[in-house]
Amino acid sequence: MGFKGLFLALVAGLLFSVYDVTNKLTTVNASQILVFRLILMMLITTPVIHCWTVAKFVPDKEDWGLIGIRAILSTVNMSLNIYSLQHMPYATDASGIIYSYPVFTALLACIILKELCGILEVLTTVLAAIGIILITHPAFLFADVKDYPPPAAILAAIITCITMALTVILVRRLKHVHFLTLTFWNSVVGLPVMIIVTTIVQGWSLPPDWFQWIILFIISISGVFGRLMFTIAVQMESAGPVSIVLTLGALGPLFLWQYLVLHTIPPWISIGGVFLTGISAILIGMKVYLLDKYTDEANPKSRCTAIVLWFFNITGQRQERILIHQETDNVTPIETVPVYQQPETK
């Protein structure tokens, strides 16, 4: 495992923390922010792809479908992310829900892909659910708590988390496609959609002063480069370590920005919820890392390692991978039979 991808994930997390807190400072509506961000994304990627022969504007035909689905999911993810950040009382609340996406990734893998679901998946799902309940602190459970998040903002944060999990899966499937090509087509697909949505639903309004222009520029820059570095990290490294570093790199500084920039401190119940969702994401990330690390070993070297692998539900999946590898290695080539040739007639 290299550290270049993990470093990019850490930088992406720091940029996302800046992105999250600055969305609380702007008065521009969510769809218009995304339009500016997609325009900047296109302005950055187009000349780089034109000058850099490694990437290309038009991908292979067999990748068009997945790239289009990834662009649509990413557009929905970015728009609802901004909406949830702007309408929830604290930036850490929305981010705490969103960065629990590894749990949803594992859950979707168990349901859709029929992967093994063990103790860890159940534990992390319960932790994430309790964390989301503590973050949202509904009135029928917490009557004494103020600043209840709007239900629409809660739903937007949950959908953002699910679409982020699906986007990560698609990016891993498209590892052979250059990250600049993925980013370029994200802007090509998302920009006209968001222009239409902004015109019909929310309307256009320029930032009122220079401070709002600066905030809009910071949001766009941090969002574009954070997304770029996150895409590169997911393509370079295993999804487990990337999710751990991204979660720690985003949620940790965000509490600091929340206090220094917004001059607010979330209630302890919200902090506890963010902690639980973060722990659940880290546990899932550790499982993915251990599964990748011990796939090629038939038997663990120590009893402690065996216990850890059992707890993370890796034993069954590891044996399944080993059998697949063994079957692949033991395949005997098919003997070629010479074509029958009829004797020449005299």
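The values are calculated or read from the model by the stated rules, or taken from the named source; none is laboratory data. Predicted model only: the values in this text are computed from it and were never measured. No Cβ is skipped: glycine too gets one built from the backbone with ideal geometry, and neighbour counts run over all protein chains shown. The protein model used for the area step is the full one, side chains on, heavy atoms only, and it has no ligands, DNA or RNA in it. Shrake-Rupley method; radii C 1.70, N 1.55, O 1.52, S 1.80 Å.
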Open item on the list: Not counting ligands, DNA or RNA, and with a 1.4 Å probe, what is Trp204's accessible surface area in Å² rounded to the nearest 10?
Closed with: 130
Task: Theoretical gain in end-to-end length, His87 to Ile130 [0.36 nm per residue, Cα-Cα removed] - done: 13.3 nm
Task: Residues Trp268 and Lys61, FRET efficiency given R0 of 51 Å [Cβ-Cβ distance, rounded to 0.05] - done: 0.40
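For segment 1-102, report the accessible area per residue in Å² (1.4 Å probe, heavy atoms, rounded to an integer).
Values: 3990 Å² over 102 residues.
On a per-residue basis, segment 1-102 sits at 39 Å².
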